[in-house]
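Structure record follows, encoded as structure tokens.
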Amino acid sequence: MFTKSILIAVVLLQLAIAVTTSGSVRSLAELSAFLVIVGMLWNQPRHSLPKKLY
């Protein structure tokens, strides 16, 4: 949970940088924020479907 909070803070910081700057710095901040979000979603545990009881 602690690492997820840090990653969310990093994304917010990168989006703030993207809003206040322009050019390649903005593009890199947007790209890295997107990749962090994708990484967070990719590493979430998969929930398996419950087995049917007959």
> If you roll a 1.4 Å probe over the heavy atoms of the protein chains, what accessible area per residue do you get for the chain, in Å²?
Replying inline: 92 Å²
> [x] 13.0; [y] 12.6; [z] 12.3: which one is Kirkwood radius over Cα pairs in Å as calculated from this entry?
Replying inline: [x]
>> I want the local charge near Val36. Using Cβ-Cβ distances under 14 Å, sum +1 for each Lys or Arg and -1 for each Asp or Glu among the other residues.
In response: 0
> Carbon and sulfur atoms: what percent of the 1.4 Å accessible area of the chain do they account for?
Replying inline: 72 percent
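The values are calculated or read from the model by the stated rules, or taken from the named source; none is laboratory data. Note that the structure is predicted; figures quoted are calculated from it, not measured. Note that each Cβ is placed from the backbone with ideal geometry, even for glycine, and that neighbours are counted across all protein chains shown. Only protein heavy atoms, including side chains, enter the accessible area calculation; ligands, DNA and RNA are left aside. Shrake-Rupley method; radii C 1.70, N 1.55, O 1.52, S 1.80 Å.
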